[in-house]
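Note sheet for the following structure.
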Amino acid sequence: MKRCYHLFITSLLVLVVTLAIAKPPVTNLDFIKQKLINYNTSGQYAKEVAAVFNEASAYLEERVAANQATGNKKRLAVVMDIDETSLSNYSEMAKENFGGNKDELMQAMLQGQDSAIKPALAFYQLAQSKDVAVFFVTGRFESMRAATAKNLQAAGYKTWQGLFLKPNNYNKSSVVPYKSGARHQIEAQGYDVILTIGDQWSDLKGGYADKQFKVPNPYYYIP
Ligand SMILES: [Mg+2]
């Protein structure tokens, strides 16, 4: 009986140690890519993006109504990111089989043929119709201003209150100081930035917006 007990305890210890050192297998890259493709082609991505823009739209309407109710009306503004928020690079990323490099993606952006993310365009139009100023704040470089402006207009974003691009010599490891700095400048112009919307947390951190809305982006990460 005692021997049996010892055997049981030893087996249990072996099992615990085995479980502790066992690591889950690393997922094969091709399966990860297939997951990304399915996420898009199944319509799940579009659905999740639309849900975030619906929430942002409801919030915008609330804020506009509240602003109108006060005698002392503020100049309301929204900040929109561009890539994977207002414009989509998906077709280029899929063409590169989710590989390629940043230079290739940038070259594609310079073509100015990115399409609008539809719920983003609807949100933009809602803001315009409610007299809420729209500012685009993008991590694209200042050198890409002309191509970016042309692309925005071709995609249906006809006009804006401001278009902030990252300085060509920007060398910080995160875009947060630049993006929050842009929102700070917008508020310094007298606007109340009611919300900022983007696909990266770095689009949203750093303050100078009352509320943050994050759309999904499983394709790349920007600190
Ligand atoms: Mg983006």
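For (1) more than 24 Å from Ala66 (Cα to Cα); (2) under 19 Å from the mean Cα position of the chain (by Cα); (3) without any contact (Cβ under 8 Å) to a residue 12 or more places away in the chain, each residue gets a yes or a no:
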{"residue": "Gln111", "(1), (2), (3)": "yes, no, no"}
{"residue": "Arg145", "(1), (2), (3)": "yes, no, no"}
{"residue": "Tyr178", "(1), (2), (3)": "yes, yes, no"}
{"residue": "Ala188", "(1), (2), (3)": "no, no, yes"}
{"residue": "Asp192", "(1), (2), (3)": "no, no, no"}
{"residue": "Asp199", "(1), (2), (3)": "yes, yes, no"}
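Pairs meeting the criteria (first residue in segment 206-223 and polar (S, T, N, Q), second residue within 13 Å of the ligand (Cβ to nearest atom), beta carbons under 8 Å, at least 6 apart or on different chains) are Gln212/Thr196; Gln212/Ile197; Gln212/Leu204; Asn217/Glu84; Asn217/Asp199; Asn217/Gln200.
Among the residues of segment 105-115, write down those that are away from the ligand (no atom under 14 Å from the Cβ) and either at pLDDT 90 or above or surrounded by 14 or more Cβ atoms within 10 Å (Cβ to Cβ) (or both).
Result: Ala108, Leu110, Gln111, Gly112, Gln113, Ser115.
A quick yes/no check of all residues on (1) buried (at least 21 other Cβ atoms within 10 Å of the Cβ); (2) at pLDDT 95 or above:
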residue	(1), (2)
Thr148	yes, yes
Ala154	no, yes
Trp160	no, yes
Leu165	yes, yes
Ala182	yes, yes
Tyr191	yes, yes
Trp201	no, yes
Tyr220	no, no
Pro223	no, yes
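Restricting segment 51-91 to residues that are in a helix (DSSP H, G or I), in contact (Cβ under 8 Å) with a residue 40 or more places away in the chain and aliphatic (A, V, I, L, M) leaves a set whose member that is farthest from the ligand (Cβ to nearest atom) is Val64.
Search segment 20-50 for residues being in a helix (DSSP H, G or I) and basic (Lys, Arg), and hand back the single one that is nearest to Pro119 (Cα to Cα).
Per the criteria, the residue is Lys47.
Which members of segment 164-175 meet the condition of being within 15 Å of the ligand (Cβ to nearest atom) and without any contact (Cβ under 8 Å) to a residue 40 or more places away in the chain?
Matches in segment 164-175: Phe164, Leu165, Lys166.
Report yes if some residue within segment 92-112 is touching a strand residue (DSSP E or B) at 6+ places or on another chain (Cβ under 6 Å) and not in a loop (DSSP other than H, G, I, E, B); otherwise report no.
Within segment 92-112, not a single residue is touching a strand residue (DSSP E or B) at 6+ places or on another chain (Cβ under 6 Å) and not in a loop (DSSP other than H, G, I, E, B).
Among the conditions (1) within 28 Å of Glu187 (Cα to Cα); (2) surrounded by fewer than 17 Cβ atoms within 10 Å (Cβ to Cβ); (3) more than 17 Å from the chain's Cα centre (by Cα); (4) not small (Gly, Ala, Ser), the only one that Ile37 does not satisfy is (1). With the requirement that a residue be within 11 Å of the ligand (Cβ to nearest atom), closer than 27 Å to Lys73 by Cβ and part of a loop (DSSP other than H, G, I, E, B), what does segment 187-223 give you? Answer for segment 187-223, where residues must be within 11 Å of the ligand (Cβ to nearest atom), closer than 27 Å to Lys73 by Cβ and part of a loop (DSSP other than H, G, I, E, B): just Leu204.
Filtering segment 72-95 to residues that are surrounded by fewer than 16 Cβ atoms within 10 Å (Cβ to Cβ) and at pLDDT 90 or above leaves Lys74, Arg75, Ser91, Ala94, Lys95. Pull out all pairs, ordered by first then second residue, where Cβ-Cβ is under 6 Å, the residues are six or more apart or on different chains, the first lies in segment 121-139 and is more than 16 Å from the ligand (Cβ to nearest atom), and the second is part of a helix (DSSP H, G or I). Pairs that qualify, where the first residue is more than 16 Å from the ligand (Cβ to nearest atom) and the partner is part of a helix (DSSP H, G or I), are Leu126/Ser57; Lys130/Val64.
The values are calculated or read from the model by the stated rules, or taken from the named source; none is laboratory data. Bear in mind the structure is a predicted one, so any value in this text is a computation, not a measurement. Every residue, glycine as well, gets a Cβ built from its backbone with ideal geometry; the counts of neighbours run over all protein chains shown.
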